[in-house]
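Notes to accompany the following structure.
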Amino acid sequence: MSSEVISREVKRRRTFAIISHPDAGKSTMTEALALHARMISEAGAVHGKGGRRSTVSDWMEMEKARGISVSSTALQFSYSSPDTDTDVPNVINLVDTPGHSDFSEDTYRVLTAVDAAVMLIDAAKGLEPQTLKLFQVCRHRGIPVITVINKWDRPGRTPLELIDEISERIGLIPTPLYVPVGIAGDYRGLLDRRTGDYIHFERTAGGAKIAPEEFLTADQAAEREGDVWSAACEESELLAELGQDHDQEMFLAGQTSPMIFTSAMLNFGVRQLLDALVEFAPPPRGRESIDGVERSVTDPFSAVVFKVQAGMDSSHRDRLAYMRIVSGEFERGMVVTHAQTGKPFATKYAQAVFGRDRSTVDTAFPGDVVGLVNAMALAPGDTLYIDPKVQYPPIPSFAPEHFSTLRVTTADKYKQFRKAVDQMDAEGVVQVLRNDVRGDASPVLAAVGPMQFEVVTARMKAEFNVDTIIEPLGYSLARRTDEQSAPELNRQRGVEVFTRSDGAILALFSDKWRLQYIEKEHSDLLLEPLVAAAD
Ligand SMILES: Nc1nc2c(ncn2[C@@H]2O[C@H](COP(=O)(O)OP(=O)(O)OP(=O)(O)O)[C@@H](O)[C@H]2O)c(=O)[nH]1
Ligand SMILES: [Mg+2]
């Protein structure tokens, strides 16, 4: 495959994550974007009593029941912007992430695999704790962010208040591409700041269909909307005076963030978001290996695994590894090397993913997210390649702060139980810790947040038909230690040493005072902090 073909394919690809504090509307927006790309014909197609609950990306039972996302979901689709006259559609790889901080490790893994992020902010709530943390992660990783003020159909703050809050508290300067016409709760349309024109949206029943757009000139808009139009014009001028216009270089450098006001529920502003992603989000780039060597997109095939997920379909109990292609062309059936083991890996069953739906994929290019079926040996952070060898930096696992034992209560199900535990471990749903004293009958699970334990028990039941109970252990923090320090640590009160399945030796402490005391009394022991979820 010539490098020109790869370059051309790379240019039309956009790979991004949708992130936010819980409930800002990520899954609803994911659905709205898929609707605009005409991948689905109706949003919120399931008519439960909760109204529009189930989205393409929330397919797990627990997600449907509670209306929250517990696991990230990838979708790939092609999109042709009505604004461009080229025949070549863009290829969009989008990953909807869970907002809850208990699942932040999953979100973090996704952020290692994308080129841009769409940050949703609830118009009424403004910045929330996870918003701040996620902005920091994006800055740290150099991921450019497009900011979306969502739920503009509901009463909320003013655009300038929200813009100020972001500039002041995040240090990121919003550069609105459009200004909303109508205050939050009275969303009529958008003033296009580049053309000065007005895009008026029309509601559809239940927001299930693409909202029809009507294009008006400034004069027509002034006549139609009166004061709210003038207010939007004033806001736009003020932003221009403050220098808050889009600047591609500053956006890519993480200094500014193009901003859009939307209602994911009514499908207002969604096309504008999709078009902004196509126009401004960076196409896939190469990546540096652990040895500091840059692999460019036109180099031979390489990819990183960022997620492993099983139980997507109860009729075939398979495990899917999601890889993001970094370089080269991928062809299904290709035999690649798994960098962590040096073993060959046959890619006979490669699939494009769309929520829980999948279809065989024959070729793929940098930026694409491809599912590899029955990839038992692969774990998040692993590298796959075709010679020359490359290995990308691993994804650090977060410091767990919650520890419980897991026990099976269904008789004669011990074998199933073991299998299920291994499964949750491989996916990284929780970390699994073991030691000789406790044995294997009731392993210790470690998590960033307690909702991860609920996912384990729910999936044990749904996918393996095993009833389990979770019993909290009296530990609240972990340190990495080694073989030499382990015996002494085990002798201490309020401390227990375990081996995690990746081989790391962890010492758990009842509380930070216990840890501080031991650090002081035994300065020779290795007690290394783990990456904290908040960092
Ligand atoms: N009024 C209004 N409601 C919205 C909008 N977008 C989403 N919602 C509602 O907000 C709630 C949360 O939406 P989700 O899309 O599940 O939010 P999320 O960000 O995916 O949530 P998590 O994945 O749990 O973090 C649902 O009840 C949606 O119907 C919007 O633009 N306007
Ligand atoms: Mg969601």
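The values are calculated or read from the model by the stated rules, or taken from the named source; none is laboratory data. What you see is a predicted model; the values in this text were computed from it and never measured. Here the Cβ is made from the backbone with ideal geometry for all residues, glycine too, and neighbour counts use every protein chain on show.
Any residue that is at pLDDT 95 or above, within 10 Å of ligand 1 (Cβ to nearest atom) and not assigned by TED's automatic domain parsing to the domain that holds T363 - is there at least one of those in the stretch 1-18?
Scanning the stretch 1-18, I find at least one residue that is at pLDDT 95 or above, within 10 Å of ligand 1 (Cβ to nearest atom) and not assigned by TED's automatic domain parsing to the domain that holds T363, so the answer is yes.
Considering every residue within the stretch 175-198, establish whether at least one is surrounded by fewer than 18 Cβ atoms within 10 Å (Cβ to Cβ), closer than 15 Å to V270 by Cα and among the acidic types (D, E).
Within the stretch 175-198 (the criterion being surrounded by fewer than 18 Cβ atoms within 10 Å (Cβ to Cβ), closer than 15 Å to V270 by Cα and among the acidic types (D, E)), the answer is yes, since at least one residue qualifies.
Please identify the pairs in which a residue from the stretch 261-276 that is assigned by TED's automatic domain parsing to the domain that holds V145 and more than 14 Å from ligand 1 (Cβ to nearest atom) has its Cβ atom under 9 Å from the Cβ atom of a residue that is polar (S, T, N, Q) and part of a helix (DSSP H, G or I), counting only partners at least 6 apart or on another chain.
Here the result reads none, with nothing in the stretch 261-276 linked to a residue that is polar (S, T, N, Q) and part of a helix (DSSP H, G or I).
If you go through the stretch 152-173, how many residues are assigned to a helix (DSSP H, G or I), of a type outside the set (S, T, Y) and away from ligand 1 (no atom under 16 Å from the Cβ)?
Total meeting the criteria: 9.
Scan the stretch 520-533 and tell me whether some residue there is closer than 30 Å to K64 by Cβ and modelled with pLDDT under 95.
Looking through the stretch 520-533, at least one residue is closer than 30 Å to K64 by Cβ and modelled with pLDDT under 95.
If I ask for residues that are closer than 22 Å to T499 by Cα and among the aliphatic types (A, V, I, L, M), which ones from the stretch 433-468 would you list?
Within the stretch 433-468, L433, V437, A441, V444, L445, A446, A447, V448, V456 meet the criteria.
What residue, of R407, R438, is outside any loop (DSSP other than H, G, I, E, B) and on the phi < 0 side of the Ramachandran plot?
Sole residue among the options that is outside any loop (DSSP other than H, G, I, E, B) and on the phi < 0 side of the Ramachandran plot: R407.
Can you name the number of the only condition in (1) away from ligand 1 (no atom under 13 Å from the Cβ); (2) assigned to a strand (DSSP E or B); (3) closer than 20 Å to L239 by Cβ that I149 fails?
Evaluating I149 over (1) away from ligand 1 (no atom under 13 Å from the Cβ); (2) assigned to a strand (DSSP E or B); (3) closer than 20 Å to L239 by Cβ leaves (1) as the failure.
Just name the residue that is nearest to L191 (Cα to Cα) out of those in the stretch 232-241 that are surrounded by 13 or more Cβ atoms within 10 Å (Cβ to Cβ) and among the aliphatic types (A, V, I, L, M).
So, considering only residues that are surrounded by 13 or more Cβ atoms within 10 Å (Cβ to Cβ) and among the aliphatic types (A, V, I, L, M), the one nearest to L191 (Cα to Cα) is A232.
Among the residues of the stretch 58-67 satisfying the criterion of being within 12 Å of ligand 1 (Cβ to nearest atom) and either more than 10 Å from P98 (Cβ to Cβ) or assigned by TED's automatic domain parsing to the domain that holds V455 (or both), which is surrounded by the most Cβ atoms within 10 Å (Cβ to Cβ)?
Per the stated criteria, the residue is M60.
Residues that are among the polar types (S, T, N, Q), at least 2 per element: which helices (runs of 4 or more DSSP H) completely within the stretch 194-271 meet that?
Qualifying helices (runs of 4 or more DSSP H): 227-241.
Name the single residue that is farthest from the chain's Cα centre (by Cα) among those in the stretch 421-446 being aliphatic (A, V, I, L, M) and within 22 Å of D382 (Cβ to Cβ).
L433
To keep it simple, each residue is scored yes or no on (1) closer than 23 Å to V361 by Cα; (2) at pLDDT 95 or above; (3) surrounded by fewer than 24 Cβ atoms within 10 Å (Cβ to Cβ); (4) hydroxyl-bearing (S, T, Y).
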{"position": "V56", "(1), (2), (3), (4)": "yes, no, yes, no"}
{"position": "S69", "(1), (2), (3), (4)": "no, no, no, yes"}
{"position": "A74", "(1), (2), (3), (4)": "yes, no, no, no"}
{"position": "A117", "(1), (2), (3), (4)": "no, yes, no, no"}
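Which members of the stretch 410-432 meet the condition of being part of a loop (DSSP other than H, G, I, E, B) and within 28 Å of V497 (Cβ to Cβ)?
G428, V429, V430 - these are the residues of the stretch 410-432 that are part of a loop (DSSP other than H, G, I, E, B) and within 28 Å of V497 (Cβ to Cβ).
Looking at the stretch 85-126 only, could you name the residues that are touching a residue at least 40 places away in the same chain (Cβ under 8 Å), over 24 Å from R141 (Cβ atoms) and either more than 16 Å from ligand 2 (Cβ to nearest atom) or touching a Leu at 6+ places or on another chain (Cβ under 9 Å) (or both)?
Of everything in the stretch 85-126, those that are touching a residue at least 40 places away in the same chain (Cβ under 8 Å), over 24 Å from R141 (Cβ atoms) and either more than 16 Å from ligand 2 (Cβ to nearest atom) or touching a Leu at 6+ places or on another chain (Cβ under 9 Å) (or both) turn out to be V88, P89, A123, A124.
Filter the stretch 119-156 for residues that are surrounded by fewer than 24 Cβ atoms within 10 Å (Cβ to Cβ) and of a type in the set (K, R); which is nearest to P180 (Cα to Cα)?
Of everything passing the filter in the stretch 119-156, R154 is nearest to P180 (Cα to Cα).
Pick from V369, V353: which is crowded, with 21+ Cβ neighbours inside 10 Å and at pLDDT 90 or above?
Answer to the check: V369.
Assuming V114 fulfils every condition listed in (1) assigned to a loop (DSSP other than H, G, I, E, B); (2) among the aliphatic types (A, V, I, L, M); (3) touching a helix residue (DSSP H, G or I) at 6+ places or on another chain (Cβ under 9 Å) apart from one, which condition is it?
Unmet for V114, out of (1) assigned to a loop (DSSP other than H, G, I, E, B); (2) among the aliphatic types (A, V, I, L, M); (3) touching a helix residue (DSSP H, G or I) at 6+ places or on another chain (Cβ under 9 Å): (3).
Just a yes or no: is a residue in the stretch 158-171 away from ligand 2 (no atom under 16 Å from the Cβ), within 24 Å of the chain's Cα centre (by Cα) and under 30 Å from G286 (Cα atoms)?
Yes - at least one qualifying residue is present in the stretch 158-171.
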